[in-house]
Structure formats: C-alpha cells, structure tokens
Amino acid sequence: MKRKTARFLIASTVVLVAGLGVAALVYFGVFWPNDLFAAAYPVRGIDVSNHQKTVDWAVVAGEPGIDFAFLKATEGDDYRDRYFVTNWKAAGEAGILRGAYHFFTTASSGADQAANFIAVVPVEAGSLPPVVDLETFGSAPEDFRRELQAYLDLVEANYGQKPILYTVYAFYDEYLEGGFADYPLWIRDIVKPPAIGWSGEWLFWQYGNRGRVAGIAGYVDRNAFAGSRAELEALLSK
C-alpha cells in the first residue's frame, strides 16, 4: 500500500510539474496552444498599436511567419496612434505587406470616425484593405449598424477597397450577423480554431495574443490568413 501511495505521489508530482511547465511556456509566449492549429495556414502575420511602442521592422521582416502586419491608426473621431506614421513607413520599407485599422466606438458618428481615419492613413498602392475593429458593446443594434455602414461607405469610397471587419463571436452575433455579409471577416479566437463551433467564414484569424517576435518588445498579437500568399497579394490596392 505504501509503495502504491509513493508511486501515485511521484506520478502526480510529475504531472503537476509538467502542467506548470506548459503553463509557463504559454504565459511567457514561448508556446501557444493555437500554434498547432495555425500551422495549417502558412501565411501569417501580426497586428500592432501603441502598446508595442517602437518596433524594429527590419528585424521583424527577418522573422519567419511574418507575411503581413496591420497597424492601428485611429480610434473614435479624434484619437490617433502616436506610432502609426512611423510604423507605416518603416514596415513598408522593410518589405512587409501592411494595412491600417481603426477602433470603432459608439461615442461619435460613423462619418466623423471615417474622417479621422482618412486624415491619417494615406491612399497608397500596395496596401492591404483597411480594417475596422468592432468590439464596443452598448448601443442599440440598429443605431450601431447605421453608423457603421456610414463609416464603411466613406472608407471604401476613399481607398477603393472593401474594409475588413475585425470582431469577436458575441459582437458578431449581436450586431453584425445578417447585415454585413459582403464584408470579409477577421475573427478573434485565441483558444481554438474558428471552424470549431462557429459557422461563419473568415479571411483573417487572430489566434494568439502573447506572441514573441524579434524586433518587438513584449507580446504581440499573431494572425493567420485563410489563403495563399498570392491570394493575400491579390488584396493589395492598385
């Protein structure tokens, strides 16, 4: 009985230590469970904002698995990311395919938010489509859809590209489902592949938020593209 107890304690300790080791690797961004699923999509990239501060894009460009980057430009009708202009220029010079995104809020009209984005992000050949980040709850769905549509129409007219909608499941279900089927989706699911338990089609997938990339201090979001490199390049503005 004592021998069996000792073996049980040893086995339990090994399992506990192994579990803690895996948890530590996940916490520090060395390994992320979704990395296994994202391996099925070879075209991958990152998204950055002022949270990453100064990025060494020449170093980032030399890292494997960095085909594209989306850079935060604006938020609401007045906020402008202090690093966007530098990031836009340096990422382009490093040869990384890049696009800009706007964080949509409910505190101002869609038209005013579009004006803010358009004032900051240049119309430039070779750019990925503009992205609008949608995850702010609170307004009535019909009001939100009206303002979002106003934003999308103005942005598409300015850049000649249909914007991409970045969102999470709960937000999609409450505000977007059935109303914006013509717009490509960028879904966030850092736990599992979006194909599991969700029937929507996605173009981009944010699969992790604790990535480690040389040239970036701290963590960075990791993303996968649903198609090939050629299909990604086909999205670029002319």
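Brief remarks on what is shown
- Lysine pairs with alpha-carbon atoms under 16 Å apart, the chain, spacing 8 or more or separate chains: 4
- If R0 equals 25 Å, the separation of the Cβ atoms of Thr86 and Thr106 corresponds to a calculated FRET efficiency of about 0.30.
- Only protein atoms count toward the accessible area here, which uses a 1.4 Å probe; on the stretch 188-238, the carbon and sulfur part of that area reaches 56 percent.
- Cβ-defined net charge surrounding Ala94, 13 Å radius [Lys, Arg +1; Asp, Glu -1]: -2
- Helical segments meeting 27 Å axial Cα length and Kyte-Doolittle -1.0 threshold in the chain (DSSP H): 2-27
- Cut-off 10 Å between beta-carbons: net charge of the residues surrounding Gly200, Lys and Arg +1, Asp and Glu -1: -3
- Per residue, the accessible area of the stretch 83-140 comes to 36 Å², computed with a 1.4 Å probe over protein heavy atoms only.
- Area of Asp56 that stays accessible when all protein chains are in place (1.4 Å probe, Å², to 10): 70 Å²
The values are calculated or read from the model by the stated rules, or taken from the named source; none is laboratory data. Keep in mind the model is a prediction, meaning the values are calculated, not measured. Backbone-built Cβ (ideal geometry, glycine too); neighbour counts: all protein chains shown. Heads up: the accessible areas ignore ligands, DNA and RNA and are worked out on the full protein's heavy atoms, side chains in. Shrake-Rupley method; radii C 1.70, N 1.55, O 1.52, S 1.80 Å.
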